[in-house]
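The numbers here are math on the coordinates, done by the rules we state, and not lab data. In this text, all values refer to a predicted model and were calculated from it rather than measured experimentally. Methodologically, a virtual Cβ is constructed for each residue, glycine included, from the backbone with ideal geometry; neighbour enumeration extends over all protein chains shown.
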Amino acid sequence: MTSSASLEDSALMAENRKRTAELGMWIFLASEALLFGGLFLAYFVYRYSFPQAFAAGVRENDLILGTINTIILMLSALFMTLGILAAENDNKKSSLSCLIMTAFLGLTFLGIKSLEYSHKFQHHLYPGGVFMPEKNWPVGERIFFGLYFVMTGVHALHLLVGIGILAWLIFVLSHKPRVRDSTVWLYTFGLYWHYIDLIWIFLFPSLYLLGRFG
Amino acid sequence: MNEHPDKENYLMAGYGWRSWFLTTDHKRIAILYMLSITFFFAIGAFFALLIRLELLTPAGDFVSSATYNRLFTMHGIIMVWFFLIPSIPSVLGNFLIPLMIGADDLSFPRLNLASWYIFMLGGIFTLISILFGGLDTGWTFYTPYSSSYASGQVLNAGLGIIISGFSSILTGLNFIVTIHKKRAPGLTWGRLPLFIWAHYATSLIFVLATPVLAVTLLLMIVERTLHIGIFDPSLGGDPVLFQHLFWFYSHPAVYIMILPAMGVVSEIVPCFSRRKIFGYKMMACASLAIATLGFLVWGHHMFVSGQSVYAGIIFSLFSFLVAIPSGIKVFNWVATMFRGTITFSTPMIYAFGFIGLFTIGGLTGLFLAALGMDIHVQDTYFVVAHFHYIMVGGAIMGYLGGIHFWWPKICGRLYPKGWPGLSALLIFIGFNLTFFPQFLLGYMGMPRRYHFYPEEFQALHVLSSAGASILGVGYIFPFFYLAWSFFRGPRAEPNPWRATGLEWKTESPPPVHNFDQTPIVTEDPYSYEEKP
Amino acid sequence: MVSSPKNFLFLFLGLAGLTLATSGIALINLGGMNFPIAILIACLQASIIIYYYMHIQSAEILVKIFAVGTLLWLSILILLTFNDYFSRYWTTNPSLWP
């Protein structure tokens, strides 16, 4: 393939690369939407079938920890965006510190999630093994907690993978002289990171809010 | 353009493990896929052989019931996910899409290689599941059997399928972005070959349907290991929900298996009729329509499952509608041939076979779409015959036709005369002998997945097994003559069929970067009538 | 459009505020209104993320088509499945007809 080295051409090629990566990432996110969509479908079907059991399950979830976690994720999205802006301005130090903050906040989210999980294990509210031996829980509550673990688990897995990729990006970028050339990578990854936030925005009301009053 | 045997083409650009297993050249990746799926086909065919051997006699005497259940399960899983779904897209699609649009490679070449590795990882999990005794849930993994009661390698097989699903998603993503972004100058959407349109539609299905399969099998595995109750009726779960989720993917999956084959036929028929395709726009729209409508019909697999009959009515209606674009395609292929100059080359024989057998398979699908009729034939051999007519009579014939059509382009050599025609004939005869009796068996009440049956069904089963042996022989011949051709066949020129299409304007085999100079497209596709 | 750090800070504060609001509202019994309000706030937050953080308005038209298509396909999955669940007991229990 021939390519001339004019400035205009290279700008065009950079724009083309960005558009290609952007399209690719959005298509990937479309597939992710259907992935979580299957889980939400199961959730809605059983909420429809067992409204009281699901309400009881929601009440068991810690609202304060959930709210804090939601805000943490949104803060991480803010830092991700700031990191990208700084990179576009070729401010390497600022960009990397924002990205590190983003990863740190992601880890904090996971930390709080593990705290919630351990609370549940203590109360035997986990699927498999001895499940809720003490009380007579309504039918469907077991399904609620099963779905709770699967949905937040799949979400957490996506977050973990995101943190891993972010760590790798931070490592690679810290060894590059100029951050400005890598904005396409950051921008494309940023779409994925915001998407994780997006999924949580719908997970949060489903698992922590809806039906607190039955 | 004369081809120079010593000029560097993609096959000769680099030897050794690394140049093949770390390649990002879409052509080499296509070859890797071709070898992998041929391997899986052999395994799936072996299971089919054992099945047909058992069914020769009415008594269940060759294998036990438990073993028979494992045989048809493994046959289905391997053939669907490790042969049919990747066959045309990952082999011919990977090889041809960049060539047909005048690009040097796909948009994400390294992702393409990753797709192959992910596919092989999924295959390894599934092979492990076979080595450790397999599973007996049927390829459909229906709950609560698979999630609560089945013993066997459900976990490994499920994981293998989930992993191979990610390979499909990434391939589909790659194709969509490539077709949008890397078309040569002048190649507008209205000038794209129908093979590209078919793969675009298929890629949409890959991206939108496959994730639902992944999450469904995940839920089944979680249910199996942690008993959360989503598919267990005693804990409030609904097994039919599994079926909704499973078929939401698996029905569009059958369109993944047939749309690319239709794309292949749309390339072969105009070439060997020396006429442009009849109704190009309708053919392109029909591919998209099949992909779209295919998402609305999944409940027709569940008419007798306990699903609401009102939902059944809606699904039945959509199932009738989705037959329309398929019918349009068949009509247009035949209309293309009208007053054409037909050459009975091997690809054309396969194309004819496809059109006839797909029509039969498709029409019998309409019987199944009718609620009342379906109650009679659901879960019988009628269904088995229907989908084998489409999958084997349609998709595999499309695949073989495509392999033969583009063989000169892929390896720069011609296949021998005589043997391919004989193979195609054996495949056609063997296929019909195997599967036509199964329509009759099913209609008369022979259930599927049973290995013993009443005496009066034996004659038809014997015919079917005899046909299967002929079919098997027909499939074996290409292994030999294509391998011979690869190493010792006569050299091919760039365009031995005098076909239109950008892929024929470069050498056979193509150079690593496909085109020495980016081609510029100025004419409509299938311009055969200007060059008789 | 929005490309200054200050604007993104305000967006974050807005999102956080909406989160606190939706959590607070969940603690008040509004009967049947709890569900739609929570969903509405979630959709509002999602729109903010998609428009501003994910820059969909500056993306090419193809991306917008894919985003809309995704929503459409999700609704096919959910609505057509619920088609079964809503109508399952209509034959045995005609009082369930809408």
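Tell me the relative contact order for chain A as a rounded percent, counting alpha carbon contacts under 8 Å between residues six or more apart.
36
Give me the net charge of B:PHE315's neighbourhood, meaning all other residues with Cβ under 13 Å from the Cβ of B:PHE315; Lys, Arg count +1, Asp, Glu -1.
-2
Can you list the aspartates and glutamates whose alpha carbon sits under 19 Å from that of A:LYS92, skipping same-chain ones fewer than 8 residues off?
Within reach: A:ASP181.
Any idea what diffusion coefficient region A:80-214 gets from Stokes-Einstein, in µm²/s, Kirkwood Rh on alpha carbon pairs, 4 °C, 1.567 mPa s?
Approximately 76 µm²/s, per Stokes-Einstein.
Take the alpha carbon atoms of region B:285-304, find their center, do the same for region C:1-56, and report the distance between the two centers in whole angstrom.
Using only Cα atoms, the two centres lie 36 Å from each other.
Could you pull out every one of the lysines with an alpha carbon less than 19 Å from that of B:LYS281, ignoring same-chain neighbours closer than 8 positions?
List returned: B:LYS329.
Just how far, in whole angstrom, is region B:483-532 from region B:76-122 if you go by their alpha carbon centroids?
21
Pull up the cross-link candidates among the lysines for A:LYS120, meaning alpha carbon to alpha carbon under 19 Å and not fewer than 8 places away within one chain.
List returned: A:LYS135.
Could you rank the peptides B:422-431, C:16-25, C:55-64 by their average count of other C-beta atoms within 10 Å per residue, with the highest value first?
On the way: B:422-431: 20.1, C:16-25: 17.1, C:55-64: 14.7.
Taking the mean over residues of other Cβ atoms within 10 Å, the ranking is B:422-431, C:16-25, C:55-64.
Relative contact order of region B:422-496, please, whole-number percent, based on alpha carbon pairs below 8 angstrom and at least 6 residues apart.
Result for region B:422-496 is 48 percent.
Going toward the positive end of the dipole of the protein assembly as shown, with +1 on Lys and Arg Cβ and -1 on Asp and Glu Cβ, which of C:LEU13, B:LEU357, A:ILE143 do you reach last?
C:LEU13
For the charge dipole of the protein assembly as shown, defined by +1 on Lys and Arg C-beta atoms and -1 on Asp and Glu C-beta atoms about the Cα centroid, which residue among B:PRO193, B:SER508, B:PRO437 has the Cα displaced farthest towards the positive pole?
B:SER508
Looking only at other chains, what is the average number of their beta-carbon atoms within 10 angstrom of each beta-carbon in B:295-306?
2
Taking +1 at the Cβ of each Lys and Arg and -1 at the Cβ of each Asp and Glu, which of A:ASN61, A:TYR117, A:SER97 sits farthest along the dipole of region A:19-209 towards its positive end, judged by Cα position relative to the Cα centre?
Checking the options against the dipole of region A:19-209, the answer is A:SER97.
By count of other Cβ within 10 Å, fewest leading, how are A:TRP185, A:TRP193, A:TRP26, B:TRP497 ordered?
Going from least to most buried by this count: A:TRP185, B:TRP497, A:TRP26, A:TRP193.
Taking only Cα atoms, what is the 0 to 90° angle, nearest 10, from helix B:397-411's long axis to the longest principal axis of chain B?
30
Where does each of A:THR67, B:THR202, A:THR102 land when they are ranked from fewest to most other beta-carbon atoms within 10 angstrom? Spell out each step's value before the answer.
Details: A:THR67 20, B:THR202 32, A:THR102 25.
Ranking A:THR67, B:THR202, A:THR102 by Cβ neighbours within 10 Å, fewest first, gives A:THR67, A:THR102, B:THR202.
Within chain A, which is the longest segment containing none of the trypsin sites (Lys or Arg not before Pro) that sit in a DSSP loop and have at most 11 other Cβ atoms within 10 Å?
Between the exposed loop sites, the longest stretch runs A:1-134.
Any idea what diffusion coefficient region B:344-401 gets from Stokes-Einstein, in µm²/s, Kirkwood Rh on alpha carbon pairs, 20 °C, 1.002 mPa s?
For these conditions, the coefficient is 183 µm²/s.
Just tell me how shielded B:452-459 is by partners: mean number of partner chain Cβ atoms within 10 Å of each residue's Cβ, no decimals.
Going residue by residue through B:452-459 and averaging, the value is 0.
Can you check what the Kirkwood hydrodynamic radius comes to for region C:1-58, Cα pairs only, in Å to one decimal?
By the Kirkwood definition, the hydrodynamic radius is 12.4 Å.
Percent of Cα-Cα pairs more than 16 Å apart in region B:82-132, please.
Summing the P(r) of region B:82-132 above 16 Å gives 50 percent of all pairs.
For region B:27-524, with only Lys/Arg (+1) and Asp/Glu (-1) charged at the beta-carbon, what is the dipole magnitude about the Cα centre, in debye rounded to 20?
Around 1540 debye, computed over region B:27-524.
May I ask you to derive the relative contact order of region B:27-524, considering only C-alpha pairs under 8 Å and at least 6 residues apart, and to give it as an integer percent?
17
Compute, for the protein assembly as shown, the length of the dipole vector about the Cα centre, with Cβ point charges of +1 (Lys, Arg) and -1 (Asp, Glu) only. Units Debye, rounded to 20.
About 860 debye.
Report, to the nearest 10°, how far helix B:280-293 tilts away from the longest principal axis of the Cα atoms in chain B, using its own Cα long axis and a range of 0 to 90°.
For B:280-293 against chain B, the angle is about 30 degrees.
Take the Cα atoms of the protein assembly as shown, build their convex hull, and give its volume per residue in Å³.
173
Ignoring everything except DSSP H segments at least 4 long, calculate the 222 nm mean residue ellipticity for chain C; use -39,500 (n - 2.57) per segment, divide by total residues, nearest 500.
So the helix-based figure for chain C works out to -22500 deg cm²/dmol.
In chain A, which whole DSSP H runs stretch at least 18 Å along their own axis (Cα) and average -1.0 or higher on the Kyte-Doolittle scale? All intermediate terms of the calculation are to be shown ahead of the outcome.
On the way: long enough: A:7-49 (62 Å, 0.40); A:63-88 (38 Å, 1.94); A:92-122 (45 Å, 0.42); A:141-174 (48 Å, 1.72); A:183-204 (31 Å, 1.19).
Result, helices passing both filters: A:7-49, A:63-88, A:92-122, A:141-174, A:183-204.
Per-residue mean of other chain beta-carbon atoms within 10 angstrom of the beta-carbon, peptide B:167-179?
Rounded to a whole number, the mean comes out at 3.
Output the 0 to 90 degree angle, nearest 10, between the alpha-carbon long axis of helix B:458-488 and the longest principal axis computed from the alpha carbons of chain B.
30
Direction-averaged shadow area of the convex hull around the Cα atoms of region B:1-90, nm²? Kindly include the intermediate steps, with their values, before the conclusion.
Working: hull surface 36.2 nm².
Average projection, Cα convex hull of region B:1-90: 9.1 nm².
Please sort through the DSSP H helices of chain C and keep those with an alpha-carbon extent of at least 24 Å along the long axis and a Kyte-Doolittle average not below 0.0. Write out the running numbers ahead of the final one.
Details: long enough: C:5-26 (31 Å, 1.30); C:61-87 (38 Å, 1.73).
Span-like helices in chain C: C:5-26, C:61-87.
Would you give the gap between the C-alpha center of region B:37-60 and the C-alpha center of region A:18-64, rounded to a whole Å?
Value for the Cα centre distance between the two parts: 41 Å.
Considering every pair of different Cα atoms, what Kirkwood radius, in Å, is found for chain B?
Details: mean 1/r = 0.0423 Å⁻¹.
Its Kirkwood hydrodynamic radius stands at 23.6 Å.
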